[in-house]
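> Okay, here's the structure, questions in a sec.
The values are calculated or read from the model by the stated rules, or taken from the named source; none is laboratory data. Note that the structure is predicted; figures quoted are calculated from it, not measured. For neighbour counting, all protein chains shown are included, and Cβ atoms are generated from backbone atoms with ideal geometry for every residue, glycine included.
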Amino acid sequence: MILVGLDQWTKGLAVAHLKDRAPAVVWKGVFEFYYSENRGAAFGMMQEKQLFFFLIALLVLGAVAYLMWKMPVERKYMPLALCLMMVCAGAVGNMIDRVSQGYVVDFLYFKLINFPIFNVADCYVTIAAASLVLLIMFHYKDEDLMCFSLKKRRSEPI
């Protein structure tokens, strides 16, 4: 809830201070706060497919809920749980925008590489996805991840 709140707060700031204004230059030629209304997915793909994105977000939230339910309550799974929570926060943050406005507010722009404009929720999902890859490749062993299909959920505290 805190992450979703932070995402919505930053989007509110973007609307209040950037909408219908010139970009706020943080580092000339490198980074700007640049208001944009994204009616598509990442990089502006699939414009005006809000119902599709809403259903994808529900699917992601369902998958994360299932994984959290199956995850053993042990300290070693805390990084995995945090990554899954970040994915949920990103999905919910952008879903709130899609449902309430019909578009997602984006405002972070790396001008140096002309990277597509994004927001804090997108950062959550990107950081979580990269962290999940690293955790699965280098931290967890195959037997650590078998709990999601073979073992019953444990009820010991972390």
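> Which one of the conditions (1) in a loop (DSSP other than H, G, I, E, B); (2) more than 30 Å from Ala22 (Cβ to Cβ); (3) not aliphatic (A, V, I, L, M) does Glu143 fail to meet, given that it meets all the rest?
(1) is the only condition that Glu143 fails.
> If you don't mind, there's one more thing I want to ask. Looking for whichever is among the basic types (Lys, Arg), out of contact with any helix residue (DSSP H, G or I) (no Cβ under 8 Å at 6 or more places or on another chain) and surrounded by fewer than 19 Cβ atoms within 10 Å (Cβ to Cβ) here; the options are Lys76, Lys49. Which one fits?
Lys49
Results for (1) closer than 24 Å to Val15 by Cα; (2) among the polar types (S, T, N, Q); (3) touching a residue at least 12 places away in the same chain (Cβ under 8 Å), shown as yes or no for each residue.
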{"position": "Cys88", "(1), (2), (3)": "yes, no, yes"}
{"position": "Tyr109", "(1), (2), (3)": "yes, no, yes"}
{"position": "Pro116", "(1), (2), (3)": "yes, no, yes"}
{"position": "Ile136", "(1), (2), (3)": "no, no, no"}
{"position": "Cys147", "(1), (2), (3)": "no, no, yes"}
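> Say we look at segment 7-24 and pick out the residues that are in contact with a strand residue (DSSP E or B) (Cβ under 8 Å, 6 or more places away or on another chain) and within 16 Å of Cys123 (Cα to Cα); which of these is surrounded by the fewest Cβ atoms within 10 Å (Cβ to Cβ)?
Only one residue tops the list, namely Thr10.
> Restricting to segment 25-46, give me the number of residues that are loosely packed, with under 15 Cβ neighbours inside 10 Å, at pLDDT 90 or above and within 17 Å of Asn119 (Cβ to Cβ).
Residues that pass the stated criteria total 2.
> A further question on this structure: So which of Ala130, Ala121 is touching a Gly at 6+ places or on another chain (Cβ under 6 Å) and not acidic (Asp, Glu)?
Matching residue, one of Ala130, Ala121: Ala121.
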